[in-house]
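First up is the structure itself, then whatever we jot down about it.
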Amino acid sequence: MLRDITLGQYYQTESVIHRLDARVKLAGTLIFIVSLFFFKNYWGYLVAALFLAGVIKLSRVPFKFMVKGMKAIVFLVIITVLFSLFLTPGEALVSLGKLTITKEGLNTAITTTIRLSMLIIGSSIMTLTTTPNNLTDAMEKSMRPLKKLHVPVHEIAMMMSIALRFIPILLEETDKIMKAQIARGADFESGNLLKRAKAMVPLLVPLFISAFRRANDLAMAMEARCYRGGDGRTKMKPLIYQKRDHLAYVCLLVYFVAAVVIGRLHF
Amino acid sequence: MSILKTEKVTFEYIRHDEEGNVEGTITAVNDVSLDIEQGQFIAILGHNGSGKSTLAKHINAILTPSKGTVWVDGMDTSEDEKIWEIRQTAGMVFQNPDNQIIGQVVEEDVGFGPENMGIPTEEIWQRVEESLRAVGMYQYRKHSPNNLSGGQKQRVSIAGVLAMHPKCIVLDEPTAMLDPNGRKEVIRAVRALNDVEGVTVILITHYMEEIIHADNVFVMDGGKVAMQGTPREIFSQVERLKELRLDVPQVTLLAYELQKQGVPLPNGILTTEEFADALERVKKGSSTNGN
């Protein structure tokens with residue numbers, strides 16, 4: 001069940017989006033997310049949705065696969081929606097005892113849902129079509145100016161790529177430990193939230209121990225393969241802009257301008 | 001020239017109790033002297049806690065000896081400035097394939113070592129291709145390591161080391177976490193490296209079947225080299241191996257037991273074919289005697 005989480009996973013296939021320079025995808029994701037917060041009407045979201053649909057189509061990643069990864073975040077979305085639904089002051093629409101749903105609350109709830117799901121889908125396209133190594137390379141290269149301020153750019157990038165690499169492994173391990181505990185009578189499914197959280201303790205302890213052990217092993221394996229930080233390293237897949245990348249930047253710019261202009265119009 | 005030489009290597013762990021006080025020292029490797037020639041296939045055998053993994057880590061300069069010296073291709077591992085050259089000369093493959101694969105795609109992982117060495121991009125690609133072909137994983141180069149079997153992952157790890165063009169590869173129990181098929185796959189790849197590429201192989205294991213093809217076998221016990229010789233020499237001493245808590249291949253054990261019962265079989269039979277041949281000869285011999 002835990003293996004269903006697709007967030008941060010790479011989907012192997014050949015597509016235009018896969019071949020784009022990771023820096024373009026990184027910038028594109030940022031632009032897309034930023035654009036979502038500029039909209040004042042629903043038309044903007046429509047433009048964004050169309051753009052997103054186009055990119056998904058181009059990426060050739062099955063939509064089902066993406067949605068599977070969203071399941072984990074549904075809970076978060078529901079909480080946000082409930083909060084904005086009941087806690088936004090304004091013109092009352094419905095009253096349920098002490099709780100009132102306001103017009104403004106309803107509005108915020110709808111926009112947050114749209115925003116959050118688009119935000120998640122948008123960023124999952126980036127991770128689905130870019131190998132983590134590529135992605136961290138892109139971050140490293142885009143953040144290089146920060147190195148002058150003694151920001152350990154390479155180290156941060158390396159840590160991220162390792163974290164991403166170990167997500168599926170640790171998920172698998174969690175699944176294994178869970179099954180082992182269930183086989184010995186542990187109960188993760190019933191009881192209230194507090195009880196369930198308590199039941200997680202015997203799951204997390206072995207998981208953490210094993211994560212530390214893995215980290216130790218990996219560090220040794222990396223050193224054995226001559227890893228000594230970012231200096232003097234060459235790249236197997238250096239990032240060099242192609243014609244299609246420039247074209248993609250133009251498309252992004254067009255999208256951003258169009259979406260923001262349409263999204264801020266007063267009808 | 002010898003690729004690996006150790007002289008009176010001793011390694012001591014310091015044990016601490018719960019408050020961090022020194023409880024005492026444990027000698028994991030005790031006065032080990034080895035001399036290994038370039039191009040050999042060496043097996044180091046021993047049960048858990050015999051010090052074989054600790055010794056292996058000395059070859060890659062992950063550990064440096066408490067006493068004694070280790071030379072890799074003439075370089076002393078205790079010299080800090082030589083450390084990267086040593087790690088490049090003597091590559092290392094570890095037990096758990098999941099904990100040594102860094103890349104999310106097979107080819108990226110194989111390229112990790114050459115990247116660290118500062119090899120130009122084009123040459124990295126060339127090395128990656130060669131290495132993946134050498135272990136028979138080229139068709140999986142675009143796959144995610146997570147979807148490979150244990151044996152395949154371990155072959156990727158071997159390719160990752162091979163791409164650094166080492167003279168010597170140390171494999172620290174590479175098959176301990178694999179199923180029998182995966183074990184065979186990995187051992188086949190390792191033998192091909194030794195036969196075809198001429199890389200010196202130091203295989204650390206506790207599976208007796210894997211050492212049959214070695215040129216020279218060292219058996220470790222309690223941090224010391226307890227036995228040394230060709231596989232045949234080692235396997236002919238069944239009692240001694242049992243003393244060292246090591247399993248003997250079934251066929252060798254069967255031959256040994258038959259020999260004890262008076263069947264005239266030669267010492268140290270290693271494979272089923274060999275056993276069948278020897279038995280055939282015994283049969284012929286006894287029938288001619290009978291006439």
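No lab work stands behind these numbers, since they all come straight from the coordinates. Computed from a prediction, not measured in an experiment: that's the story for all the values here. All Cβ positions, even for glycine, are placed from backbone atoms using ideal geometry, and neighbour counts span all protein chains on display.
Here are a few things to note about the model shown:
- In chain B, the DSSP beta bridges split such that about 55 percent are antiparallel, to the nearest 5.
- The chymotrypsin sites (Phe, Trp or Tyr not before Pro) of segment A:184-261 that meet both conditions, a loop assignment by DSSP and at most 16 other Cβ atoms within 10 Å of the site Cβ, are A:Phe188, A:Tyr241.
- Exceeding the 20 Å Cα-Cα cut-off - candidates A:Lys176/B:Lys57; A:Lys176/B:Lys52; B:Lys52/B:Lys224; B:Lys242/B:Lys283; B:Lys8/B:Lys224: A:Lys176/B:Lys57; A:Lys176/B:Lys52; B:Lys242/B:Lys283
- Share antiparallel - DSSP beta bridges, the protein assembly as shown, percent rounded to 5: 60
- Leading residue at positive end of dipole, segment A:132-233 (Cβ point charges), from A:Met222, A:Val151, A:Leu207: A:Val151
- Going by neighbour counts of Cβ atoms within 10 Å, the residues A:Thr108, A:Thr131 line up, fewest first, as A:Thr108, A:Thr131.
- Based on Cα atoms of chain B, Rg over Rh with Rh as the Kirkwood radius reads 1.03.
- If only the Cβ of Lys and Arg carry +1 and only the Cβ of Asp and Glu carry -1, the dipole of segment B:15-84 around its Cα centre is close to 260 debye.
- Relative contact order computed over segment B:50-160 (Cα-Cα under 8 Å; 6+ residues apart), in percent: 23
- For the peptide B:86-98, the mean number of other protein chain Cβ atoms found within 10 angstrom of a residue's Cβ is 3.
- The charge dipole of segment A:132-233, taken about its Cα centre with unit charges on the Cβ atoms of Lys, Arg (+1), Asp and Glu (-1) only, comes to about 160 debye.
- Rounded Å value of the spacing that divides the Cα centres of segment B:186-228 and segment B:31-106: 14
- For chain A, the relative contact order works out to 33 percent when only alpha carbon pairs closer than 8 Å and six or more residues apart are counted.
- Charge dipole (debye, nearest 20) of chain A; +1 at Cβ of Lys and Arg, -1 at Cβ of Asp and Glu: 340
- Among the trypsin sites (Lys or Arg not before Pro) found in segment A:82-129, those both in a DSSP coil and sparsely packed, with 12 or fewer other Cβ atoms within 10 Å of their Cβ, are A:Lys98.
- DSSP-loop GluC sites (Glu not before Pro) across segment B:1-98, with at most 16 other Cβ within 10 angstrom: B:Glu18, B:Glu19, B:Glu79
- Over segment B:249-291, Cα pairs under 8 Å with separation of 6+ residues give a relative contact order of 36 percent.
- Note on A:Lys57: aspartates and glutamates with a C-alpha under 15 Å away, same-chain residues under 8 apart excluded, are A:Glu14.
- Taken residue by residue and averaged, Cβ atoms of other chains lying within 10 Å of the Cβ of B:102-112 number 6.
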